[in-house]
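Data block below; observations after.
The values are calculated or read from the model by the stated rules, or taken from the named source; none is laboratory data. What you see is a predicted model; the values in this text were computed from it and never measured. All Cβ positions, glycine included, derive from the backbone under ideal geometry; neighbour counts span all protein chains shown. Please note that ligands, DNA and RNA were not included when accessible areas were found on the heavy atoms of the full protein model with its side chains. Shrake-Rupley method; radii C 1.70, N 1.55, O 1.52, S 1.80 Å.
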Amino acid sequence: MPVAAVRPDSYDAPRFPGTVTDERLGARACGMLDAIRNRTKNWVVKGFMIILALSFAVWGIGDMFRGSQDPAVAEAGSVPIRVSALQNQYRRSLASFRQMTRGQLTDEQARDFGVLEQTVETLVVRALMAQKTSDIGIGISDDAVRQAIADSPSFRNEAGLFDRMLYEAALRENGYSEQSYVATVREDLASAQIIGSLTEGLATPEAVIDLLHAHRGERRRAIVATIMPETMSNISEPTISDIQTYYTANEAQFMAQESRRVAFLSLRPADLLDEIEVADEYVRAEYDARVEALTVPNRRDIDMVVLADEDAAQAAQRRVQEGEDFFAVGADITGNTKDDMRLGLVEEGDLLPEIAEAIFSAPIDEALFFRSAFGWHLVRVNEDIPGGTPTYEDVAEEIRLEFKIKEAADATWVLSGRLEDERASGATLEEAGRALGITTISLGPLDRYGRDVKEKAIEDMPPIADFLDNAFRAQEGEESDLIEAPGNIFYAFRVDSVQPAAVKPLDTVREQVADAWRDERRKEAAAAMAAELAGRAASAGALVAAASDLGIETGETAAFTREGRNMDSGLTRAVADAVFALDEGEATGPVETTGGNQVVAELIEVIAADDSDGEAKTAIAGRMTEAYRLDVLDAYDAMLRREYGVSVDRALIDTIY
């Protein structure tokens, strides 16, 4: 049994202006940086969207007034946007994006993706809207503010109910008083009234929807012939002259990365653990002190939906008992999503007594309903996880390891000071290391990715963040200061030599050059054959016969859209574009796809969009209406900027960041 069970957060993470608010994160890190690029577009409109979200922003116009000790990085009308407001908001934005990428986003990438620009524009939009709502006298009642806060997912517990303790904890965690947060919500509600008046009722004309649906929904089928370079035979062998010419013309393909020889030493707590002993009495005393905290309460994994009345609850229970999916029934009756109904692990202490009693007495895997002060609940218990207290023997070694890790971290800190003293006295890296019994390791030659000259990973590479970045920023002969890295790690290095990037000698890559030359000839041969095929297939319906004469196989595709959806593997959007430019019976010219493959296609069928596909039309209408909405908000922002004026001190921002 583990030392302690870590409870998941019982409310959604605080959501801030300019950050991702609508995605459930953590599925895959792959592709996330590209997602950020897509999300950091049109910052002005994003600012309006954030106001409409009414999420847990805990930011207010009051944050902008700090006095002369806090200069303004921008002014929106009469409202100065202070350095402190920008720094606080930018820090929150970075934290959210880094959570999205599992820590992969660097400061430099954040700037490249425009996260800082997004933050500035979000603050400007809020300031402009606050002034406008004040000027036209929009007022928000206390009841409306109270309801908005109560409805925020950020302050709901596992049962989906507003939790005052969560609310107060979130405010404390972010350094805000309830008064300042209430003022922020009031500002956002007032701004939302203006935004709603501008965008409510926007709709896309039916004629436009029909036209777009006919265009996007059309599908086509084609006969395709694919010519692959690797099938090209009779490619001659390159001569010495061919190899030399190709090598000279394509030097970039045969570059050796810059390489360096680096000496380093490090102080890591992990290296000291075996030298630290922890007496049993200390471990026992710690166990006794923690035993109550180590006790894990009984928990249950549940799904739950709140229904309007007893009849709805009975009907829902009956449908589940008859075999319908719990989440499908809940969504059908309430419109809630699976995530809304999936509460996961709960403890009795997390719930109101009447709800806890019903849930913790319910049988496993059965749907039942009950009533509480909040309405009628349909609940299903998926699993019962008994709690308990681990024995001393269960956790002794984990507690001992915790002691050792702390002692090792302290010892590392002390040794780092001694190491600095040795180096300050004039000792070299090696001499300072020997004085403390630390081995200085020589690496290299290695490239900036930690690979040797054969492009294989170097085994002795230290598992230290930013080690290579720092080593490749330093000059030849430079010895670094002692650097502190995450995990209480300290290290220092010296760059002993630098070998600049250079073209590899021909003798070392001759076979690679020959292979590249052959690949290029095969691609040229495939392109020539595709051109011949396209010429022979110029008359209607001639592709199959022409391909057969040349010994090329053909095949028919499934119906695909002009965006390439449902297109066969190996075909690309370029093929779809070419096919959608044809009349029926015509053939494309050669189209190059991945790997130098060449495709010639003949259009054999045009399938009109399904006019009865209401779902597709609804999706088009939604996208078009949202586009209109964003255009209106963009225009309104431009009007506010003309009315109030906006100035941004780029020089000051560049100085700070």
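Of all residues in segment 375-423, those satisfying the criterion of being touching a Phe, Trp or Tyr at 6+ places or on another chain (Cβ under 7 Å) and farther than 25 Å from residue 274 by Cβ are 376, 377, 378, 380. For residue 635, the requirement of being open to solvent by less than 50 Å² (accessible area, probe 1.4 Å), under 30 Å from residue 195 (Cβ atoms) and either in contact with a strand residue (DSSP E or B) (Cβ under 8 Å, 6 or more places away or on another chain) or not polar (S, T, N, Q) (or both) is not met. Each residue in segment 342-365 was checked for being open to solvent by 30 Å² or more (accessible area, probe 1.4 Å), assigned to a loop (DSSP other than H, G, I, E, B) and either farther than 19 Å from residue 306 by Cβ or modelled with pLDDT of 90 or more (or both), and 3 of them qualify. Scanning segment 420-431 for residues that are part of a helix (DSSP H, G or I), surrounded by 15 or more Cβ atoms within 10 Å (Cβ to Cβ) and either of a type in the set (Ser, Thr, Tyr) or without any contact (Cβ under 8 Å) to a residue 24 or more places away in the chain (or both) turns up just one, 422. Can you find even one residue in segment 502-509 that is charged (D, E, K, R), at pLDDT below 95 and surrounded by fewer than 16 Cβ atoms within 10 Å (Cβ to Cβ)? Within segment 502-509, one or more residues are charged (D, E, K, R), at pLDDT below 95 and surrounded by fewer than 16 Cβ atoms within 10 Å (Cβ to Cβ). Being without any contact (Cβ under 8 Å) to a residue 24 or more places away in the chain, in a helix (DSSP H, G or I) and not hydroxyl-bearing (Ser, Thr, Tyr): is that true of residue 242 here? No; evaluated as a whole, the condition is false for this residue. Inspection of segment 157-178 identifies at least one residue that is of a type in the set (Gly, Ala, Ser), more than 30 Å from residue 558 (Cα to Cα) and assigned to a helix (DSSP H, G or I). Exactly one residue out of 574, 538 is assigned to a helix (DSSP H, G or I) and either open to solvent by less than 70 Å² (accessible area, probe 1.4 Å) or more than 30 Å from residue 271 (Cβ to Cβ) (or both): that is 574.
Yes/no matrix, rows are residues, columns are (1) open to solvent by 40 Å² or more (accessible area, probe 1.4 Å); (2) touching a Leu at 6+ places or on another chain (Cβ under 7 Å); (3) over 30 Å from residue 617 (Cβ atoms):
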site	(1), (2), (3)
147	yes, no, yes
164	yes, no, yes
168	yes, no, yes
202	yes, no, no
215	yes, no, no
229	no, no, yes
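Only one of the numbered conditions (1) touching a residue at least 24 places away in the same chain (Cβ under 8 Å); (2) farther than 30 Å from residue 277 by Cα; (3) under 35 Å from the mean Cα position of the chain (by Cα) is not met by residue 490, and that is (2).
Would you be able to tell me the number of residues in segment 213-254 that are over 22 Å from residue 603 (Cβ atoms), of a type in the set (A, V, I, L, M) and more than 38 Å from the chain's Cα centre (by Cα)? Show your work before the answer.
Looking only at segment 213-254, we keep the residues that are over 22 Å from residue 603 (Cβ atoms), and these are 228-254.
Restricting the remaining residues to those that are of a type in the set (A, V, I, L, M) gives 228, 232, 235, 240, 243, 249, 252.
Right, trim to more than 38 Å from the chain's Cα centre (by Cα) and you get 232, 235, 240, 243, 249.
So the answer is 5.
Considering only residues in segment 556-570 that are more than 18 Å from residue 587 (Cα to Cα) and touching a strand residue (DSSP E or B) at 6+ places or on another chain (Cβ under 7 Å), the one that is surrounded by the fewest Cβ atoms within 10 Å (Cβ to Cβ) turns out to be 566. Summed over segment 226-266, residues that are touching a helix residue (DSSP H, G or I) at 6+ places or on another chain (Cβ under 8 Å) and under 30 Å from residue 432 (Cα atoms) total 6. Any residue in segment 184-197 that is farther than 30 Å from residue 510 by Cα, in contact (Cβ under 8 Å) with a residue 40 or more places away in the chain and more than 34 Å from the chain's Cα centre (by Cα)? No. What are the residues in segment 581-596 that are open to solvent by 30 Å² or more (accessible area, probe 1.4 Å), part of a loop (DSSP other than H, G, I, E, B) and either in contact (Cβ under 8 Å) with a residue 40 or more places away in the chain or of a type in the set (Lys, Arg) (or both), if any? 586, 589, 590, listed by residue number.
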